[in-house]
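The values are calculated or read from the model by the stated rules, or taken from the named source; none is laboratory data. Keep in mind that this is a model prediction, so the values were computed, not measured. All Cβ positions, even for glycine, are placed from backbone atoms using ideal geometry, and neighbour counts span all protein chains on display.
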Amino acid sequence: MFADVRGSTAIAEEIGPVAFAALLNRFYDVAMTALIPKRAVIDKMIGDEVMAFFVPAAKVPMQNAAVEAATEILEGVGYGSGKEPWLPVGIGINHGMAYVGKVGTGDVNDFTALGDTVNTASRIQNEASAGQIVVSESVYSELGSAYSGVPAQQVDVRGREEQFGVHILKPFE
């Protein structure tokens, strides 16, 4: 999962670096509050973006947990409140195999998730407008009736020769 602040460059320019850092810390707090109880591992906070992956659990499929967490993140920044959200956020979620472990050499290394599944999640996140969750077919197929009837769309994903099927969830519209 990638949750990204939309228009962050303009926001940072308008409010200045100290206020922008405070705003991002507020966003990170919302994201952590939504993600950690859903068995997510927070991989990175990358500037204005949070990257997380989900650990398999017997009771709740990872795809459902990811969409629930994404919805909670959007709600946490103000979507569905009847007021303008305090931060515009778009989210992308993909599901599949990935390498999870240490990368790097010597004194410089990191624990992360890598692979096509991760790259694709990052790329489809770019398709999400503020307030939207873009999910791959592998995520959508596990959601059941909660989002039934959301049509599939084909999108161009950088680095892929063929278009990629996604569903755009709009939980607060």
Could you grab me the full set of residues in segment 61-106 that are of a type in the set (D, E, K, R) and either within 24 Å of A10 (Cα to Cα) or touching a residue at least 12 places away in the same chain (Cβ under 8 Å) (or both)? E68, E72, E75, K83, E84
Only one residue in G149, G131 is farther than 19 Å from F53 by Cα, assigned to a loop (DSSP other than H, G, I, E, B) and in contact with a helix residue (DSSP H, G or I) (Cβ under 9 Å, 6 or more places away or on another chain), so which one is that? G131
What pairs come up if the first residue lies in segment 11-26 and is within 21 Å of L74 (Cβ to Cβ), the second is buried (at least 17 other Cβ atoms within 10 Å of the Cβ) and of a type in the set (V, I, T), and their beta carbons are under 8 Å apart, counting only those six or more places apart or on different chains? I11/V5; F20/I11; L23/I11; L24/V5
Within segment 124-173, restricting attention to residues that are among the basic types (K, R) and either modelled with pLDDT of 95 or more or surrounded by fewer than 12 Cβ atoms within 10 Å (Cβ to Cβ) (or both), which residue is farthest from the chain's Cα centre (by Cα)? R158
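Listed here are the residues, each with its yes/no results for (1) in contact with a strand residue (DSSP E or B) (Cβ under 6 Å, 6 or more places away or on another chain); (2) closer than 18 Å to A113 by Cβ.
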{"site": "L35", "(1), (2)": "yes, yes"}
{"site": "D43", "(1), (2)": "yes, yes"}
{"site": "E72", "(1), (2)": "no, no"}
{"site": "V77", "(1), (2)": "yes, no"}
Taking segment 27-54, which residues are farther than 17 Å from G101 by Cβ, of a type in the set (V, I, T) and surrounded by fewer than 21 Cβ atoms within 10 Å (Cβ to Cβ)? T33, I36, I46
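Residues checked against (1) assigned to a helix (DSSP H, G or I); (2) on the phi < 0 side of the Ramachandran plot; (3) under 15 Å from the mean Cα position of the chain (by Cα):
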{"site": "A22", "(1), (2), (3)": "yes, yes, no"}
{"site": "N25", "(1), (2), (3)": "yes, yes, no"}
{"site": "T33", "(1), (2), (3)": "yes, yes, yes"}
{"site": "V41", "(1), (2), (3)": "no, yes, yes"}
{"site": "V67", "(1), (2), (3)": "yes, yes, yes"}
{"site": "E84", "(1), (2), (3)": "no, yes, no"}
If we keep only residues of segment 89-123 that are part of a loop (DSSP other than H, G, I, E, B) and under 22 Å from V157 (Cβ atoms), then the residue nearest to the chain's Cα centre (by Cα) is N94
So which residues in segment 57-76 are out of contact with any Lys or Arg (no Cβ under 7 Å at 6 or more places or on another chain) and modelled with pLDDT of 95 or more? A66, V67, A70, T71, E72, I73, L74, E75, G76
